[in-house]
Each structure stands twice: as C-alpha cells, then as structure tokens.
Amino acid sequence: MEQIKQTLQIVSIQHELAMSIGKSLHLESMLTNFFTTAQRRLSLNTIYLFYKPTNVEHESDPSQPNKQDYSYLCFPKQHESDTEQQGYLAQYLQPSALSDQTSTLQTIENKDKLFYIFSIPTFGWIILARLHSAIEPAILSALPPIFSRLAISCLACLEHRDLLIEVEARKAAEKMITRQIYTDTLTNLPNRKLLSVNLNKAIGTAKRNSNFGALFFIDLDRFKIINDTMGHGVGDELLVALAVLLKQCISEGETLARVGGDEFILLMPNISQDETKTITRAHSIAEELIKLVSQPIKLTDHTIYITLSIGVCVFPNQQTHTLPVQQASDAIIKNADIAMYRTKHNNRNGFHFFENAMETNAIQRANIEKQLHVALQEKQFELYYQPIVHPDGALTGAEALVRWNSPSLGMVSPAEFIPIAEESGQIIDISQWILAEACQFINQLVSMPNATNIDYVSVNISPRQFCHPHFIQQLQSTVNQYQTDLSRLRLEITEGVAIDDIETAVEKIQQLVDLGFQFMLDDFGSGYSSLSYLHKLPLCAIKIDRSFISNINTESSNQVVVNAIIDIASHFKLGCIIEGVESVAEVDYFKNKNIQAIQGYYFHRPMRAEAFLALLSNPSLG
Ligand code: C2E
Ligand code: MG
Ligand code: MG
C-alpha cells in the first residue's frame, strides 16, 4: 500500500513537473514556471541552473570549469546575488560530466543544506538545494528524464532568443540601409529619392482629397563662387547651416530635401482645397524662406551673407493633373526648377511661381548650354570690337565683345549665352579664348603705325572667371604667351565681382594692378551700386551704364544721377566713360561734361577686327 502511494506520488510529481515545462518560449518565464512547481512539490529552498549559452563559441578547458563560460540562473530570484554560494557550487561542476550520455547526480552537504547536483548531458547542471531533510532517493531517480526534457525546452528557448536577436539585428541593418538610401549624408536631410517617394504620395493624396500642395525649388545664390574662393570645407559647412535654418520652416508631413549641390526642395503636400488660398500661402512661405537667410550665417571661421533663388510650383495644375504619377512628379520638380531659373535671371534673391511660358525659355536655355559645348572647338566664336571715342569723336580705344554664330541657333547674343556659360562653368574656357584673341589683336595694333591713337582694348571679365582660384595665373600666362603690352589692355569688371567679398576683390585687383593690369568698372549704376566701395577699388575708369543714357537730354532724373557719378569719378580721379550713346542729342548733352570717352551706336557699332583696322586707315568710314 505504502509502495503504491509512493509510486502515485512520484507519478504525480513527474506529471506536474512535466506539465510545467515549455509553457513559454521565453527562457526565464519558462524556468520560473518549472521552478515554482519544483520548489513546491519537492520542498526546495533554492534551485540553481548553470547552462552553456548557445552563442559561446570558444572551447573551454574541460578540466577547469570556468564559471564565465556558463550562464547562471537562480530561483527564487533574490538568491541570485549570492555570489559566494554561486562560487561554492561552481567548484563541483565537472564539465567532463556533460559529455557523458547519461545524467549523473552528486549530493553535497554543507552546513544545514543539502545540494543535489544533476548534470544534464551537453547542457549544464541543475542544482536543487534543500534545508535539513533529504529528498527521497526514489523521487531523485525520477527526476533526470524530467530535467532532460527541461534542457530541451531551454535549448529551444535559447534558439528562439538567438533567432529573435538575429531578426532584430537584421531589421536594424535594413533600417540603416534604408536610411542611407534615402538620406543626404552631409545634411542628414532626405535626398532626392525620398523626396520623389513623398511627392508621388502627395500627388495621389492631393487627387483623392481635391487638395492643392506646393513644391519650392530652392537654390543658394553664388554658391559656386563661395566654394571656389573659400574652399569646399566652408561650402559644406554653409550647406549644413542652411539645412538647419530651412528646417525651421517645415512641419509634420512636409519634406525638406537636399537634391543637389546647393539645391533644396521643400514639399508641402496639403495646403488647401482652394487654389488661390494655396498660392497665397505659398507666397508667404517663400517670403519666409527669403527672410530666414536675411541675417548673416556664422560659420566656424567666416560670417557669410547669402541669398536664395526660389521657384514655386503649385500642384496639381493644368499641365500635370492628367499625367501618370511619376511623370507628374518629374514635371512638378522641373517646373519649380524653371521658375527658380527665372529668379536667377532677375537678379536672384527672390522667388517666382511657375507659368507655362517659362518652359519655352527653359528649353531654349538647355539648348544653348548643349550647343555651347562644341562652340569653342568648332570655332563658332568671333571677337568684335566696338570703338570707344573721345567726346569729339576721335578714336581712343575699343571694347572686345564676343559674338557666337551657332550653326543651329543662329547669332546668339552674349547677353543671352554669357550668363548660361557662367552658370555651367564653360565661361572659363571661353574667356581664355577671348583674352588670347584680344592679346593678338593688341599685338596687331602695336605693329601698326596708324594705331598709335588707340590707347587700349578692353576685355570683359565675368564674375565667375574673376572668382576662379587660378584667375591671376591664367591672365598672366596668356599675356606672357603673347607678350602683350599691358598699357594697352584694360579689364572690365562689374560690381557683381566685388559685392560678395569686397576685401578679397580689392586684394585680387591690387595684385593684378601691381603686375601692370588696368581695371575699369563696367555698367556702373546698374546693379548693387554702392558708392562706398568705389574708392577702395584700384580702378582707372568707370563706365556709366547705358540705362541712364538713353534720352538723357530730356530725362531729368537720369541727369541728376549721371552728373553725380561724373562728379564722384572726377573726385576719385577716375576716368568716366559713357556707354550706349545713340543720338546726337545725347552726344550734345555730354559736350561740356568732365568725361573721358564715349561708346555707342551713334559713333560706331561693334565690328569685326578687319573692319576696325580698316577704320584706322580711313576714319571717314565711321
Ligand atoms: P557690356 O560689357 O556692357 O557691353 C556693352 C554692350 O552694350 C554691348 O552689347 C554693346 O554692343 C552694347 N552697346 C554699345 N553701344 C550701344 C548703344 O548705343 N545702344 C545699345 N542699345 N547698345 C549698345 P553686347 O555685345 O550684346 O554685349 C552684352 C553684354 O554681354 C556685355 O555688356 C557684357 O556684359 C557681355 N559680354 C559681351 N562680350 C563679352 C565677353 O567677351 N566676355 C564677357 N565676360 N562678357 C561679354
Ligand atoms: Mg563691357
Ligand atoms: Mg557695359
């Protein structure tokens, strides 16, 4: 009877313990379940588990059990901090026992505690601690199969945990790769790819909700000049600072992306259901953006004033609403870009909304840029010379003016292609050619006895060319190559070269003046015109812009400005040249004024080199 009772008790313990295994895939809660049952059914004080974690790669010395090779768990949890106990038990753990096929059991008595150390092959040890009384041998012998099952469950939990860790690691890696694909590394802003994804979404939502949105194409003015003159480090720092500033304008659901060197796009997907309201709102946002950069930007070693050129495209619009999403998206970006170019053309620093008519212009621009690539090689440029005369009409100099006869576009005005060549950088090679031509022309004049009255030939220098880091060397190498008499060469610069960084401009000009070059300030009065820097620049003359000259004889406001400029020029001992004189009345206006020379259609139009030389031999041709 007693025997049956004990058997039933053992079966019941076995059953209950077996049932408490594997209820969770989380190791600790699975073990807690098991240990709670074991503690209750076997009247245990503590249960210890030493097991080999699945991710320990290195082989340990089997004769020297190293605690650190094993993970350790203890139940109840509060006994876990008893490291002395843990160390005490570890000395009885024989790793060689784990390689045996069957479980072994050691019993150790320590003070009032009895420890039953079960080794579980390939897994580890389970140690049961009981106070005062021993566990009955029959019960002890029933435990190894249960512990083997427990070990299998533990391994399953550990594998599951490793799998979870791996899945998490993969997810994190995927997230990082996705981030890299969609982020601009310099500014940490979304890049063009992410913008495109968000714009595609925005087009879809706008359609569904009959909403309007706006896309702002933002380009930093004169960034290339900053990069060329101050270095790429400063350029990068400026872009990061600008990104931080622009971010102030965006809210939830909007995207600010960097899509090119100095190009940013701001996407505002849901502005209003009313198109006019959307335009008004986009207007104030563009104004806000311009205002954001009106304060100087402080970088580590520089303080920089910048301006922005912005183009805005409101969508959906007539042109895009019937297109498939991707095409509509490309068209919206292109239209905003076109509108931005309009701003660039209109003296920069501002914004324009896209209008259909702009597109034709943009196509023409792109065409010009493309054709310019072959223009130099194919000798499509020619240098014309416009005579500059004394007030009495006698020749004193000439301005070299480039002409482009493109086989596909016809005659293209320099006013049209020079800004495009500036923007694309082609101006550097073109200018090099122009200077070489002008130097050869000067040499021709020097060799002609009837050209002694031609004091100089002036050559226009574009701002991009002026700011180029090798500007001085390039000039010098060309004039050295042709052994040009520098007293007969003048360089025309515009206010644009000085406005950004007057100190650097003055330094550069002074260096060249020291080498014998002479400078004139072209188109004076047309641009930013600041009299404050006039005296700082080492100039020999200024040329008053022709916008003041037309009808000067009747336009009293222009008279006031022109007279003031003539006075200032004479005050600073600068020669004063009047540009764009077209009528006898205009010539007469300057009769008794303190001016050095006149240039204008009234006297001569720009002409081929041969025509100019012919004019020297026979001035009556003019
Ligand atoms: P700019 O340097 O101010 O040149 C004077 C412009 O005014 C020339 O136009 C000339 O033909 C024009 N002009 C002269 N007299 C009169 C006049 O009485 N009435 C009118 N309506 N116009 C007159 P062009 O040759 O078309 O050149 C336009 C601009 O293109 C130049 O203005 C200059 O900024 C640029 N450019 C021309 N040639 C070169 C060049 O070789 N290099 C560079 N960098 N720029 C050039
Ligand atoms: Mg000029
Ligand atoms: Mg001019």
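Things to note:
The rows are residues; the columns are (1) open to solvent by 10 Å² or more (accessible area, probe 1.4 Å); (2) within 16 Å of ligand 1 (Cβ to nearest atom).
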site: Ala541; (1), (2): no, yes
site: Arg546; (1), (2): yes, yes
site: Ile552; (1), (2): no, yes
site: Ser557; (1), (2): yes, no
site: Asn563; (1), (2): yes, no
site: Ile568; (1), (2): yes, no
site: Lys573; (1), (2): yes, no
site: Ile577; (1), (2): no, yes
site: Gly580; (1), (2): yes, yes
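- Unique match (being within 20 Å of Phe517 (Cβ to Cβ) and away from ligand 2 (no atom under 16 Å from the Cβ)) among Gln483, Gln380, Gln465: Gln483
- Glu136 passes every criterion in (1) open to solvent by 50 Å² or more (accessible area, probe 1.4 Å); (2) more than 19 Å from His15 (Cα to Cα) apart from (2).
- Among the residues here, Ile271 qualifies as surrounded by 14 or more Cβ atoms within 10 Å (Cβ to Cβ), under 27 Å from Asn209 (Cα atoms) and over 17 Å from the mean Cα position of the chain (by Cα).
- Restricting the stretch 588-613 to residues that are over 18 Å from Glu399 (Cβ atoms) and touching a helix residue (DSSP H, G or I) at 6+ places or on another chain (Cβ under 7 Å), the residue that is most open to solvent (accessible area, probe 1.4 Å): Asn594
- Number of residues in the stretch 452-484 that are in contact with a strand residue (DSSP E or B) (Cβ under 9 Å, 6 or more places away or on another chain) and farther than 19 Å from Ile430 by Cα equals 4.
- If you check Ile279, Ile285 for being touching a Leu at 6+ places or on another chain (Cβ under 9 Å) and farther than 21 Å from Gln180 by Cα, only one passes: Ile285.
- Residue that is nearest to Leu89 (Cα to Cα) [pool: residues in the stretch 120-176 that are small (Gly, Ala, Ser) and outside the structural domain of Leu105 (by TED's automatic domain parsing)]: Ala169
- Residues located in the stretch 587-622, provided they are more than 30 Å from Val560 (Cα to Cα) and assigned to a loop (DSSP other than H, G, I, E, B): Arg608, Asn618, Gly622
- Count of residues meeting criterion [in contact with a helix residue (DSSP H, G or I) (Cβ under 8 Å, 6 or more places away or on another chain), touching a residue at least 40 places away in the same chain (Cβ under 8 Å) and either open to solvent by 70 Å² or more (accessible area, probe 1.4 Å) or assigned to a helix (DSSP H, G or I) (or both)] in the stretch 146-188: 9
- For the stretch 57-115, a tally of residues being at pLDDT below 85, hydrophobic (A, V, I, L, M, F, W, C) and in contact with a Lys or Arg (Cβ under 7 Å, 6 or more places away or on another chain) returns 0.
- The one condition in (1) touching a strand residue (DSSP E or B) at 6+ places or on another chain (Cβ under 9 Å); (2) exposed (fewer than 14 other Cβ atoms within 10 Å of the Cβ); (3) assigned to a helix (DSSP H, G or I) that Glu382 fails to fulfil: (3)
- Residues of the stretch 421-480 that are modelled with pLDDT under 95, hydroxyl-bearing (Ser, Thr, Tyr) and open to solvent by 20 Å² or more (accessible area, probe 1.4 Å): Ser424, Ser447, Thr452.
- Within the stretch 341-359, residues that are under 25 Å from Thr276 (Cβ atoms) reach partners that are open to solvent by 70 Å² or more (accessible area, probe 1.4 Å) and of a type in the set (D, E, K, R) with beta carbons closer than 6 Å, at six or more positions or on different chains, in the pairs His352/Arg342; Met358/Arg342.
- Screening Ser413, Ser406 for residues that are free of Cβ contacts under 8 Å to residues at least 60 places away in the same chain and either open to solvent by less than 30 Å² (accessible area, probe 1.4 Å) or over 30 Å from Gln599 (Cα atoms) (or both) leaves exactly one candidate, Ser406.
- Residues (part of a loop (DSSP other than H, G, I, E, B) and under 48 Å from the mean Cα position of the chain (by Cα)) located in the stretch 553-581: Phe572, Lys573, Leu574, Gly580, Val581
- Residue list for the stretch 5-23, filter: surrounded by fewer than 16 Cβ atoms within 10 Å (Cβ to Cβ) and not in a helix (DSSP H, G or I): Lys23
The values are calculated or read from the model by the stated rules, or taken from the named source; none is laboratory data. In this text, all values refer to a predicted model and were calculated from it rather than measured experimentally. Glycine gets a Cβ as well: all are built from the backbone with ideal geometry, and neighbour counts include every protein chain shown. All accessible areas refer to the heavy atoms of the entire protein, side chains included, with ligands and DNA or RNA removed. Shrake-Rupley method; radii C 1.70, N 1.55, O 1.52, S 1.80 Å.
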